[in-house]
Each structure stands twice: as structure tokens, then as C-alpha cells.
1. If contacts are Cα pairs under 8 angstrom and at least 6 residues apart, what is the relative contact order of the stretch A:32-159 in percent?
2. Only Lys, Arg, Asp and Glu count, each charged at its Cβ (+1, +1, -1, -1), so figure out the dipole size of the stretch A:434-553 about its Cα centre, rounded to 20 debye.
3. For the stretch A:285-366, what is the Kirkwood estimate of the hydrodynamic radius, computed as the reciprocal of the mean inverse distance between distinct Cα atoms, to one decimal in Å?
4. Over chain A, what is the mean sequence separation of C-alpha contacts under 8 Å (at least six apart), divided by residue count, expressed as relative contact order in percent?
5. At 0.36 nm per residue, and after removing the present C-alpha to C-alpha distance, how many nm does the segment from A:Met460 to A:Asn316 gain when stretched out fully?
6. Obtain the radius of gyration and the Kirkwood radius of the stretch A:80-136 from its C-alpha atoms and give Rg over Rh.
7. Let me check I have the definition right: for the stretch A:222-290, take the eigenvalues of the Cα gyration tensor, multiply each by 5, take square roots. What are those semi-axes in whole Å, largest first?
8. When the Kirkwood radius is taken over all Cα pairs of the stretch A:385-467, what Stokes-Einstein diffusion coefficient follows at 25 °C and 0.890 mPa s, in µm²/s?
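FYI, it's all coordinate maths here, none of it is from the lab. Note that this is a predicted model, so its numbers are computed, not measured. Note: ideal-geometry Cβ built from the backbone for every residue, glycine included; neighbour counts use all protein chains shown.
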Amino acid sequence: MFRQFRKEVIKVLGDYGEERFVRESEHADLCSTVAFKLAKEKKRKPSEIAEEIISSLEFSDVEYVGKVEAVNGYINFYANYEFLEDTVNLILDSDENYGSFKMDGAGNVLVEHTSANPDGPLHIGHIRNSIIGDTLARMFRKAGYEVKTHYYVNDMGRQIAIACLGYERFGIDENKKPDHAIVEAYIKMNREIEGKPELEEEVEKLMLDYERGEERAVRLFREVVEHALKGIGETLHRLNISHDEYVWESSFVRNGYVDRVIEMLEKAGMLKEEDGALVINMKRFGYEKDVVVRRKNGTTLYVTRDLAYHLWKNENFENFVNVLGADHKLIGRQLQDVLKALGLKPPEIVFFEFVSLPEGSMSTRKGQFVSADELVEKVCEEARKIVEKREDLNGEEKEEIAEAVAVGALRYDFVRIAPEKPMTFDWSKALDFERQSSAYIQYSHARACSILRKAVKEGMPEIEFSAELCTPEERKLVMLMSKFSWVVEKCIRSLRPNAFADYLMDIAAAFNDFYSKNPVIKAEGEVRMHRLAIVDACRIVLRNGLELLGIRAVEKM
RNA sequence: GGACCCGUAGCCUAGCAUGGACAAGGCGGCAGCCUCCUAAGCUGCAGAUCGCGGGUUCAAAUCCCGCCGGGUCCGCCA
């Protein structure tokens, strides 16, 4: 709805309706700063120009633009009663579909995220990737895109070869979750290898065998990778994250895409030979060093397979977005430049900065990490302690709520931080469920449900929103709720989902403010009907918003 | 050495794309609110040289240059 209001404001402004001057404001529903720009050209006061523009506005074709006023050079726009009424009614009518819209140019999109090496469990750094990626995928769907998600499995890495040797040599603990069992073998093998060139050679040979498709290697790799992925999948599932497909890196060696991409590079004249290896000349793109795509022994490299993967993406999708750690910045940009030079579409990449521990950075190889499983379990325990105090809930409900609150807290803590911001993991913050946490939003939703339950108990309530009855808190809440799709659109355009986390928090806060000042059940007549409509609308918005963040909206807590 | 990212109250963060109305929240601190729709809540108070220095502009947290601090990357690894 807000998107429409904004379009109307731009229309009303006519020749002065340049998008970039129309913005949100604390002082009005929308404002334009165009008078400031014109003031310079015309050498006159912004306030005078603003007044003049207002008197020239044409309101014939618009439904929702109400009051307009000039204040200190700003042109302030307010939505009218009809807008508020249509917003609330649209929310109530569209229910679970509220917030869905068709973004300009929405087509299909492939979101590749997580893609952690299958040599052990996901840790809190990987989770940041998963949460950003999964949330973006949900947002694309909300914006009318057809979305597929991929987990790109790096099954050809040295790490995996080491894990395989460890698996073969030491076996694994079958009682443990499979990813945790694999990482034990991996860490042990890493220690074993240190300073032993003969073992190094064995690793090299195993990798070579795997690339060549030799039976023993293929079987071993598959076993280890599938084991690890099974555990990783379970972790993701608990976080409400799933992938449509796990795409194995090695498949591009076997299906010919690697050969095809090398051929394309060759034809484009981008390759040269150096000591028997094939190399892309990167100096022309401004890079210091070149990129090897085929070793002298004929085997390929990570970047070669990634190029092949993106050739495949070009053939199957209109848009593709990758979520990658900041350590991939250089290689990611090189990939984009090479693809462009080949006339292919490069992926859009969301880079996120690292999550470190107070004691330093994490390392799977050294076993220095906080696993996602451990994190969820601890947060869940903490949530149980609080839920335990509730007397009106049974055991099953309590467990369900604790799980929803824990997963929510986790997802929210990661998604609310802008991707480019480095994070230091802090247990005390992870275990805090007050304010600025998803529990606050879930609580607000549960309160809305509770008010409605009570109203139903007292007899089937009639609900009807009347804009002219709105108190300031109510108007503010409705305006906020109208912005749902607008905020989603902003997040997609910038590929940064954090703005939505803030937005939903604002709604929850506005709802709390509303019901603490405006009694609902105790109100009578049309005021009661009006407030019940707001509560129900807010319940829907909070639930849909939480869903968009992959967080369960529980009805009691 | 080169490249990229981050630096906003004691602490964590939003705002930076498109410069504009008093820099917005939360945690922690202090003072209040449960005979009243769930206190995982609400209200109020205190707390900021927006890392530092220049520049552009009528106007800079936001743009440009330099510096400082933290992180990351610069393999015939992935």
C-alpha cells in the first residue's frame, strides 16, 4: 500500500516528482526536498519555492494523498483516511498473502548460500551465510520471483581429501551426529599429516584420483561428503532452512561444463600457457596476478569449476545471487569480471564479514569453533528456563515455544546486522530475549492472538476499522504496517535483509505502545470494533513478517 | 607492499546508495508501573568531539582526499 501512496505522491508532484527527492520522514508520511535543489538554481528561498510548488499540485488522479504542507522548505505529504482504511482492509482480506507483490522485473532467481565445506558441522560463521541467504530467498518469493536455492558442495577440496583419509584410517564414531563425527576424523588427520610429506603426497594422489573418477576415491568421497551433508542438513532444518538442491562441484568436471568453459575462454583469447598450465590473463582487468584454470597435470581448479557452474546458471536462470564470506571478495570479483568478458551474466554477490569469537577467529581444521548445533541447544535451554515459569501452558507447548524462541533469537541476531559489519560472537547477547530480540516480536504477536482469543470468548466479535477514530498511536501503527512490501523491495534492491528486521521491530514496538495506551477488550461499540481490527491486522503483519525472517510466530508464550 | 570492509553514548547496533528538519533504538545504570487485554511488557531520567585531520556545499554521520585503529584477501588451495 505504501508503494502506491508513494507513486501517487510522485505523480502529484508532476514535473517536480523526481524519485530521489521523495523520501520517508519522521515529520510526515513522505516528504520531498526538491525545493532545496531548485533554490540554488533559482537563487530563491526553499520555503517560497515549496509553497509555490504546493499551489501548483494536481490532485485529480489520486486516491490517497491527503494533507500537503510546506515546512522549512520541505513539502510534507500525509496519507488520508481512505489510505488507512484500505490498508487495514487489505491486510485483513489478504491475510497470509499480505506483503506479497510483483516487483518490477521479477523473474526467476537462483540463490546460492551456505555452501560450507562438507568436512564438519556448520559453525556460527556459516550460519550467518545461511540466514542471510535463506532470508533473501524468502524475500524474493514475497516479491513475486520464482526462487530456487542451491548449496554448492565443494567436494573436490583438499580438506575433503584429508577428511577422507581420516575417515579411512580412524573410522568415525557412529553414535555421533554425522557431521560432528566427520570433523573429528578431519581434525585428527590434520594433526597426523603435519610435517609428514608422505601423507601430503597421499592427499595429493587422492585428489587426483577423485578428479579422474577412480572408483575407490569416488566411493570414499561420496561416503564422507554425504555423511557430512546429512548432519549439516539437519542443522539447517532446525533453523527452518532448506535447499532445493545440493550441487556437487565435481559434477561440472564430469558433465562437460568445465571443458566447455575452457573452450570459451580459449576462443575469447583470454588464455595463455605458462609452464604447461592454462592461465587467464587478469592484468587486463586490473588484477596483479593471473588465474590458473588448468594445472600442468591436466586437473582443474576451484575457480574453473566455479566458472563452469556459472555457465550452467546462465543457461538456466535469469538472475543469480551468491552469498559469500568476505574472504571470497577477490575471487568473487575475478569471477564476475571473467564472466562478463565471456559475454555471460555475472552473479550478484552478497559479501558478509566474518563472525569471530572473543578469543579470535574460528578454524574448523583446528577444531576452534562454536558449532551451530551447540548454539541452538544452549539458546534453547535458556528459553526453556523462561517458558517454564508459565503456568497456563502444557509441556508440549512449552517445548515448542522454547524451540521457536531459540531459533528466532538466533536468526534475528544474525539477520539484523548489516552483512558488511564484522561480528564478534557474544554468548550473553545470544541468550538475551528482551527487547530488540525476536522474542519481543513473537511476544507482541502472541499478545495480539491473546487479545483476539479473549474477544472471541466473549462472543464472536465484529471488527471494523474506522480511520477517523484513530488515535496517534493507531495511525502510526497502520502507516507502519502499510510499508511491508516497500521495505521488502528496499531489501531486495540492496540485497541487505537487515532493514526488514528493524522494520518488524518497529511494528512490534508500535503495537506495544498502542495496546498499552488504548484498551481493546474494555472498549465499547465502534471503538472496540475498530481496535479489534487493528489488533487482527497487526497479528497478520507480525506473523507474515516473522515468516519472512524464517521465524515461527507462536500464538502463546 | 597492494586491494577491500568496518570504526556512531560504558557496550551492541540503525541511519550512509539518492547530503537536508532535533543523530534513532536496544543493553547496562538510575527512578517509577502488575486489585487493569500475558512484566519475554510499559513510562521517565542520565549518557554522543558520528575514529582523527582537511576539502566540497547554503547544508556532511552521509560525498572526496589524507591519516590512525581493527578485520580480510593477494597459491598450479578451496
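1. 20
2. Value, rounded to 20: 380 debye.
3. Taking every pair of different Cα atoms in the stretch A:285-366, averaging 1/r and inverting gives 14.6 Å.
4. Reported relative contact order: 17 percent.
5. 46.7 nm
6. When Rh is taken as the Kirkwood radius, the ratio is 1.25.
7. 36, 16, 12
8. Rounded, D is 160 µm²/s.
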